[in-house]
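The structure appears below as structure tokens.
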Amino acid sequence: MKKYILFVLYLLISLSLKAQRPNVVLIYTDDHRYTGIHALGGMQVKTPNIDALADEGVVFTKAYLMGAFTGATCMPSRAMLLSGRSLFQLEGKGYTLPKKHTTIGESFQAAGYHTHMVGKWHQDRKSLNRSFNSGGLVMGLGAYLVDHYRMPLWEWNKKSDYKTEDSFLIRYDKNDHQIRTAYNPKEVKGPISNDEEGPHTSEIFSDQAISFIENYQNEKPFFMYLAYHAPHDPRQSSKKYKKHYPIDKIELPPSYLGMHPFDNGHMNVRDEALASWPRTETIAKEHLSDYYSIITHLDHQIGRVIEVLKETGRYENTIIVLAGDSGLAVGNHGLMGKQNIYDEDGIHVPFIISGGKIDAPKRLDALCYIHDIFPTICDLAGIDTPKSATGISLAKVINGEKTQIRDYTYHAYRQHQRAYRVGDYKLIEYVSAPDYSNNKGEFRAGSRVTQLFKLSEDPWEVNNLAALDTYQPIVEKMRIEMMEKSKSLGDTKKNTGERYDFWENYQINRNDTIE
């Protein structure tokens, strides 16, 4: 009898502890640079709901994407987030998440959570389905019309059965009711629709998240991955949001340029074709106006999700994590895309942990990567981090035991760019290297250039110090350290699966003139 009573007490305690485990909502935004949140960068963009998360939670001011070996940087970014592994530890460019790389969804499932996803998926379909117990509408599985109001979608299903012919669009009928229409691959691609014809992707995904929260009745805590497509181009939003950003009132950031001063190795990528050369002030302001508009629209949709967490009484027991997958230039340094390793233009991302389970607001300057988010969330939720996740948890920084988990960051973009940040300084090295495309065959791209920025005084990376005699000792010291770090991190063709290697070409270019 005594053993039975002890067993019952143990069971009750276990159930009580399980009930107290926090829900987790992981919000991932697309092409959302750090300064794309007003509370973080102080720019003109209006983000009251995300600002509230920042003001009430923990903000990491130095969170970064490690880099990418593809112009679609959101693919490796998401692979790093979902696997907790560094750029050089992914499977190829990051499309496939092999079974041996336990995903964050699988980790929460193993800990007794119900896992659910809504929105953009940029990885293989098998990893999508093994990571979640359920899901809402999904995008990114092979059909795309380049239009937020005409987004091909699928119903999440456990069979990994996402046929193109089963995808659909959501549109309004003559009575403004939402209806589903079959995806037609022959439809004209491009941003030709508006909010009178159908709901925006941000609205659709928020509706899906809200429906899940309102109808969730499982006793298990839940983990929800909510992956928005905004503010990725085309930067569409309704007139309601656009009116907040008249073009003649837009202020250009300090790093605005009409032209990038040299060939960085990927000047003809898709993102750079979104605006003509040179990027005049008017062109840059037009794009910034659109960028801020879609962000403010996204902020409103995120606010709706937070509100329903409060209305259902779940907010107090929920950890809300918000992060972006990459930076975006939108006119900085004469660029438009994210195919670079400048901070705001490519790798500096927002990372906020908030919600009712966060005790006090903090701003922390610990250096960290996107792949550190996975182990951090696990520690905060009190679950085990799998051995395959190699990121470093920031939990001890949050609780005050440490100030830093890393003493440097290292970044890579294809075979043309590498960066190394330590202390106040960031070194970026560019090389001329071979490249290949199906249309052109093999060709050469890029320039041998060195840049050195003192970030404590020049956060927008405007003043290149590399050619000044005073800074030559720093440049040489950082070059040696960066080469050492490349070896310890595994930055080789073998690990990345690339045809061409940065470091081989760096040695070839080593004696070229520094610009």
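The values are calculated or read from the model by the stated rules, or taken from the named source; none is laboratory data. Just so you know, these numbers come straight off a predicted model, no measurement behind them. Quick reminder, even Gly has a Cβ in these numbers, built from the backbone with ideal geometry, and neighbours come from all protein chains shown. We work out accessible area using only protein heavy atoms, side chains counted, and drop any ligands, DNA or RNA first. Shrake-Rupley method; radii C 1.70, N 1.55, O 1.52, S 1.80 Å.
Observations on the model:
- Computed packing ranks the peptides 249-255, 35-41 as 35-41, 249-255, most packed first, by mean other Cβ atoms within 10 Å.
- Cα gyration tensor category, rounded, prolate or oblate, for segment 385-486 with a/c compared to 1.5: oblate
- Of all accessible heavy-atom area on segment 320-476, the percent that carbon and sulfur account for (1.4 Å): 46 percent
- Relative contact order of the chain, taken over Cα pairs closer than 8 Å and 6 or more residues apart, is 22 percent.
- Heavy-atom surface analysis with a 1.4 Å probe gives segment 113-204 a carbon and sulfur content of 49 percent of its accessible area.
- Sequence-distant residues sharing a close amide H with His32 (under 5 Å, placed H): Asp325, Ser326
- Bridgeable aspartates and glutamates around Lys310 (alpha carbons under 13 Å apart, same-chain partners fewer than 8 residues away excluded): Glu214.
- Mean Cβ count within 10 Å, highest first, over the residues of peptides 431-441, 258-268: 258-268, 431-441
- ³J(HN,Hα) computed for each position of segment 427-443 - Karplus, 6.51 cos²θ - 1.76 cosθ + 1.60, integer Hz, glycine/proline x: 9, 10, 10, 10, 9, 8, 8, x, 8, 8, 9, 5, 6, 9, x, 8, 8
- Ordering of 81-90, 314-323 by burial proxy (mean other Cβ atoms within 10 Å per residue, highest first): 81-90, 314-323
- The phi torsions of segment 247-258, fed into the Karplus equation with coefficients 6.51, -1.76 and 1.60 and a -60° offset, translate into couplings of 4, 6, 9, 6, 9, 7, x, x, 8, 4, 9, x Hz, rounded to whole numbers, with Gly and Pro shown as x.
- Segment 215-249 and segment 267-282 have Cα centres lying 25 Å from one another.
- Under a 5 Å amide H cut-off, with hydrogens placed 1.01 Å from N, Leu367 pairs with Ile405, Arg406 among residues at least 5 apart or on other chains.
- Subset of Lys243/Lys285; Lys120/Lys338; Lys93/Lys387; Lys186/Lys240; Lys46/Lys362; Lys249/Lys426 violating a 24 Å alpha-carbon distance limit: Lys186/Lys240; Lys249/Lys426
- For segment 83-137 versus segment 405-463, the gap between their alpha-carbon centres in whole angstrom: 29 Å
- Accessible area per residue for the chain, computed on protein heavy atoms with a 1.4 Å probe, is 41 Å².
- If the chain linking Lys174 and Lys440 were pulled fully straight, counting 0.36 nm for each residue of separation and taking away their Cα-Cα distance, it would gain 91.0 nm.
- Accessible area of segment 220-277 belonging to carbon and sulfur atoms, whole % at 1.4 Å probe: 57 percent
- Over the chain, DSSP H runs of length four or greater, each weighted -39,500 (n - 2.57), average out per residue to a 222 nm ellipticity of -8500 deg cm²/dmol.
- DSSP beta bridges confined to the chain are antiparallel in about 60 percent of cases.
- In order along segment 490-498, phi translates into HN-Hα couplings of x, 7, 9, 4, 4, 7, 8, x, 7 Hz, rounded to whole numbers, per the Karplus curve 6.51 cos²θ - 1.76 cosθ + 1.60 with θ = phi - 60° and x for Gly and Pro.
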